[in-house]
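Inspection log for the structure reproduced underneath, given as structure tokens.
The values are calculated or read from the model by the stated rules, or taken from the named source; none is laboratory data. Treat the numbers as computed from the prediction; the structure is a model and nothing was measured. Neighbour counts are summed over all protein chains in view; Cβ atoms, including those assigned to glycine, are modelled from backbone coordinates with ideal geometry. Heads up: the accessible areas ignore ligands, DNA and RNA and are worked out on the full protein's heavy atoms, side chains in. Shrake-Rupley method; radii C 1.70, N 1.55, O 1.52, S 1.80 Å.
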Amino acid sequence: MLTLEKRPQPSKAFAYLTPVFAIIMTMIFGGLLFMALGKNPFEAILTIFWDPLFGEFASYSRPQLLVKAGPLILIAIGLSLGFKAGIWNIGAEGQYIVGAICGAGAGLAFYPMEAWFIFPIMVIAGALGGWAWAMIPALLKVKFQTNEILVSLMLVYVAEQLLASMSLGLLKNPDGHGFPGSRNLKDYPSAFNGEIIAGTGMHWGVAAAFIAVIFAYVLLNRHMLGFSIRLTGEAPRAAKFSSVNPNRIILFCLGMSGALAGLAGMFEVAGPSGQISIDFNSGYGFTAIIVAFLGRLHPVGIFFAGLLLALTYIGGELAQLTLGLPGAAIQLFQGMLLFFLLAVDLLTNYRIKFSRKEAV
Amino acid sequence: MTGTLLTIDGLTKAYPGVVANDTVSFEIKTGEVHALLGENGAGKSTLVKMIYGLVKPDSGSMVMNGEAFAPPEPRAARASGVAMVFQHFSLFDALDVAENIALGMENPPPMRDLAARIRQVSEEYGLPLDPFRTVGDLSAGERQRVEIIRCLLQDPKLLIMDEPTSVLTPQEVDILFETLRKLTAEGVAILYISHKLEEIRALCDHATILRLGKNVGTCIPAETSARDMAELMVGTELQTPKSAGATLGDVVLDISGLSMPSPSAFGTALKNVHMRLRAGEVLGIGGVAGNGQDEMLLALSGEVRVDADALKLKGEPIGRLAPNARRALGLLTAPEERLGHAAAPNMSLTENALLTGNVRKGLSNKGFLRWGKTQSFAEEIIEKFDVRTPGPDNAARSLSGGNLQKFVIGREVLQEPEVLVVNQPTWGVDASAAASIRQAILDLAAGGTAVIVISQDLDELMEVADNFAALNEGRLTEARPTKGLSIDEIGLMMGGAHGMEVAHVDA
């Protein structure tokens with residue numbers, strides 16, 4: 001008979017091992033899934049995890065790794081602060097969109113002027129846009145105790161409508177022959193978020209993600225505010241006893257995650273994507289939730305989790321192209337990763353005991 | 001009265017790292033009150049859980065009424081006539097009395113019949129209870145009556161009671177004892193778990209004493225002194241905390257007209273509380289659980305803000321200040337609930353030292369944490385208060401209740417407070433840890449700190465407090481010197497018998 005026994009304290013070893021277990025189990029069950037779809041499971045797994053880095057087209061796909069991982073890490077770092085405090089911002093996708101609209105809008109307002117200060121203004125506008133969008137659930141929660149999960153999630157759909165309206169109206173390219181979508185910022189040097197080092201995929205958004213990792217690490221481990229965030233998540237009553245104002249934590253965490261998501265959107269629209277269009281957003285805000293948990297809500301863990309998820313994105317696309325795997329199968333595969341992570345996560349706090357059934 | 005109801009023979013139960021019960025044997029006779037004595041962790045709970053079918057023994061056997069008795073689950077135990085009143089009630093606040101009782105029954109009768117039976121049983125045994133009242137509105141004593149009636153409806157042969165008097169006033173205890181005596185007169189045996197020795201001497205026919213899982217002796221409580229029983233329980237001679245008898249100084253804490261609604265739905269509001277506390281004074285606040293003790297602590301700690309002038313620390317209004325601002329001025333508190341309120345269970349002791357120590361110990365600099373200094377502070381607490389743990393990196397939840405309580409009290413004491421407020425400082429703590437916590441409180445007062453001890457343990461309050469006041473439905477009585485107070489007077493201060501009546505012995 002299997003029984004679960006609570007450990008006297010969380011196992012350090014398992015905290016590091018569970019992501020590895022989760023990845024292995026995802027490979028096994030993902031392989032079975034691909035087999036059921038009539039594909040060679042080993043080939044599929046190899047295409048997803050190996051080919052993007054070392055395969056035939058690796059020189060194209062390798063820079064993509066940073067391009068995709070950058071926004072994921074940036075958003076996930078912000079989300080992890082809230083998650084640590086038990087504040088569930090599910091609407092990073094919406095904040096990402098609004099950040100992109102604000103950032104692109106601020107840049108396009110100066111078109112066609114060329115000046116050094118345009119890009120920094122776009123960065124600030126993007127962060128502020130995401131922040132403001134996240135402040136809606138934050139203020140509603142503080143004032144009326146609404147559920148931030150629902151409010152932030154529903155605001156994603158509002159943001160999508162806003163995005164459509166912007167690409168069809170206010171931000172539509174006047175020289176675009178009536179096609180929806182804004183001017184392409186790649187053709188506007190002052191606003192373009194180009195690669196810092198050519199051929200690596202390293203743009204300013206990736207740099208911002210690295211800075212965010214370091215910032216979050218220092219905040220959580222060396223600063224009273226970070227301690228208060230962790231305490232609020234661990235024991236809300238103890239946090240109040242310790243003089244933490246829960247409302248301030250809510251405003252900070254949601255605001256911070258919104259600003260980082262907004263930044264990610266802004267860097268994306270000014271760089272890899274180039275323009276505001278109806279289908280500009282690609283689910284980074286939702287995938288970042290997986291990244292945050294896969295990284296154990298730890299900044300360094302999130303860094304690696306972001307790279308891993310980016311890999312499955314790129315590898316997944318490759319598998320769709322070369323093996324004809326359906327896109328839904330790839331999404332299922334990514335979902336499995338979170339599913340197995342949460343499942344084996346149990347082992348951090350509990351140990352499994354095998355015992356024979358006791359005689360009655 | 002002479003037949004043996006339950007024979008327990010060599011029961012052993014081991015958990016990883018600890019033998020909870022080691023070949024425990026004793027007998028319970030029909031119609032007797034049998035006391036099970038022992039410190040926290042002595043194995044009392046494990047033993048009764050085995051009798052009640054919640055835990056299966058590793059070895060050993062039980063015989064009930066001449067038949068082998070090995071209940072695989074509580075239902076089987078209940079079918080054999082074993083009923084149990086738990087220390088922590090398992091009642092649903094939002095349901096009424098009859099509904100709560102029906103939930104615990106195998107085949108509940110229609111609600112109207114059940115209500116009639118509840119009325120009948122409650123009158124017969126002097127436990128008045130309206131079956132249609134919502135449990136959330138009942139006092140702790142009344143909730144216990146619900147549990148007892150739930151058991152009585154099963155016509156038990158053996159009634160197990162786990163620390164039943166911890167939530168009762170002295171008068172309510174007397175009434176409970178009348179009820180229990182009436183039950184034994186009808187042939188019901190009672191297994192009575194407690195560590196209150198005077199009660200056991202007044203009530204019980206036999207006592208079995210457990211220490212570290214072993215049966216270390218039996219005695220007839222009426223013929224044994226409380227001190228002898230205590231020493232059997234602890235295994236060593238008891239150190240009685242000694243007060244240095246400091247002279248009282250100026251008023252440091254002045255509470256006037258403090259009223260506060262309870263932050264929880266079924267809590268008790270504080271109503272117009274007045275109190276003055278002088279330097280070096282230990283004020284004991286007694287009262288039955290749920291009469292505003294938790295709210296009192298929240299108001300003093302600053303977790304709930306009150307009128308600025310309702311609380312004055314050395315003349316300065318502090319009612320609207322946050323906990324840390326009060327700590328800076330010297331008002332420190334230690335809540336009752338250790339895990340989750342006074343300490344964060346999953347965080348290390350070092351992090352838990354930071355939880356309240358930041359301001360007074362200077363554990364951060366412009367918001368940046370000084371982990372080295374924090375760890376030294378945690379190590380100091382561990383060393384000075386003899387907290388048994390491998391080190392400050394261990395999680396709070398890995399400590400036993402007594403050790404964590406020593407850590408929590410030590411954390412506040414070492415910050416040299418002007419005023420210290422503790423709620424239930426020795427609840428669930430073994431006797432030696434309790435003695436050292438009480439000694440720390442007395443030493444602190446001797447050094448000129450004013451201390452408020454909120455507790456339901458009257459013996460503890462009598463031992464440490466200079467003055468005594470009681471909370472009753474959110475009102476605080478006037479403080480009176482502890483010396484010369486009789487148990488009767490204390491009981492009346494705590495609200496008397498709350499309208500309970502003695503069992504109709506003739507019924």
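Here are the numbers for the structure shown:
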| read-out | value |
| --- | --- |
| Failed condition for A:Ala235, given (1) buried (at least 17 other Cβ atoms within 10 Å of the Cβ); (2) in contact with a helix residue (DSSP H, G or I) (Cβ under 7 Å, 6 or more places away or on another chain); (3) within 14 Å of another protein chain (Cβ to nearest Cβ) | (2) |
| Single match in B:Gly286, B:Gly319, B:Gly292, B:Gly280 (criterion: touching a residue at least 12 places away in the same chain (Cβ under 8 Å), farther than 30 Å from A:Phe215 by Cα, surrounded by fewer than 22 Cβ atoms within 10 Å (Cβ to Cβ) and away from every other protein chain (no Cβ under 13 Å)) | B:Gly319 |
| The stretch B:326-355 - residue that is part of a helix (DSSP H, G or I) and within 8 Å of another protein chain (Cβ to nearest Cβ) and, of those, nearest to B:Val451 (Cα to Cα) | B:Arg327 |
| Sole residue being open to solvent by less than 70 Å² (accessible area, probe 1.4 Å), out of contact with any Lys or Arg (no Cβ under 9 Å at 6 or more places or on another chain) and closer than 19 Å to A:Gly94 by Cβ, chosen from A:Leu171, A:Leu153, A:Leu139, A:Leu185 | A:Leu153 |
| Residue check for B:Gln120: surrounded by fewer than 20 Cβ atoms within 10 Å (Cβ to Cβ) and in a loop (DSSP other than H, G, I, E, B) | no |
| Near pairs, Cβ below 8 angstrom, 6+ apart or cross-chain, from the stretch B:333-345 (of a type in the set (Asp, Glu)) to any residue that is surrounded by fewer than 18 Cβ atoms within 10 Å (Cβ to Cβ) and not in a loop (DSSP other than H, G, I, E, B) | B:Glu337/A:Arg237 |
| Any hit, the stretch B:162-171, residues being surrounded by fewer than 22 Cβ atoms within 10 Å (Cβ to Cβ), more than 30 Å from B:Gly287 (Cβ to Cβ) and of a type in the set (Asp, Glu) | no |
| Top-ranked residue in the stretch A:15-28 [being away from every other protein chain (no Cβ under 14 Å) and surrounded by 15 or more Cβ atoms within 10 Å (Cβ to Cβ); ranked as nearest to A:Phe304 (Cα to Cα)] | A:Pro19 |
| The stretch B:389-402 - residue that is in a helix (DSSP H, G or I) and more than 11 Å from chain A (Cβ to nearest Cβ) and, of those, surrounded by the most Cβ atoms within 10 Å (Cβ to Cβ) | B:Gly402 |
| Selection count where residues are over 24 Å from B:Pro481 (Cβ atoms), within 14 Å of chain A (Cβ to nearest Cβ) and either within 26 Å of the chain's Cα centre (by Cα) or in a helix (DSSP H, G or I) (or both), scope the stretch B:296-316 | 6 |
| Index of the failed condition, A:Val206 passing every other in (1) in contact (Cβ under 8 Å) with a residue 12 or more places away in the chain; (2) within 30 Å of B:Asn324 (Cβ to Cβ); (3) away from chain B (no Cβ under 14 Å) | (2) |
| Looking only at the stretch B:123-137, and only at residues there that are assigned to a helix (DSSP H, G or I) and open to solvent by 50 Å² or more (accessible area, probe 1.4 Å), the one that is nearest to B:Arg181 (Cα to Cα) | B:Glu124 |
| Elements of type helices (runs of 4 or more DSSP H) in the stretch A:10-121, at least 3 residues being within 25 Å of A:His203 (Cα to Cα) | A:51-54, A:58-84, A:92-109 |
| Flag if B:Ala42 is in contact with a Lys or Arg (Cβ under 6 Å, 6 or more places away or on another chain), in the same structural domain as B:Ala207 (by TED's automatic domain parsing) and part of a strand (DSSP E or B) | no |
| Candidate set from the stretch B:429-449 (those that are touching a helix residue (DSSP H, G or I) at 6+ places or on another chain (Cβ under 9 Å) and of a type in the set (Gly, Ala, Ser)); member that is modelled with the lowest pLDDT | B:Ala431 |
| Number of the condition not met by B:Ala70 [criteria: (1) in contact with a helix residue (DSSP H, G or I) (Cβ under 9 Å, 6 or more places away or on another chain); (2) open to solvent by less than 30 Å² (accessible area, probe 1.4 Å)] | (2) |
| Residues of the stretch A:84-111 satisfying the condition of being open to solvent by less than 10 Å² (accessible area, probe 1.4 Å) and of a type in the set (Phe, Trp, Tyr) | A:Tyr96 |
| Among the candidates B:Leu183, B:Leu91, B:Leu114, B:Leu176, residue that is open to solvent by less than 40 Å² (accessible area, probe 1.4 Å) and part of a loop (DSSP other than H, G, I, E, B) | B:Leu91 |
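One line per residue, one yes/no per condition, for (1) part of a helix (DSSP H, G or I); (2) over 30 Å from B:Gly319 (Cα atoms); (3) more than 10 Å from chain A (Cβ to nearest Cβ):
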| site | (1), (2), (3) |
| --- | --- |
| B:Gly357 | yes, no, no |
| B:Glu383 | yes, yes, yes |
| B:Val387 | no, yes, yes |
| B:Leu404 | yes, no, yes |
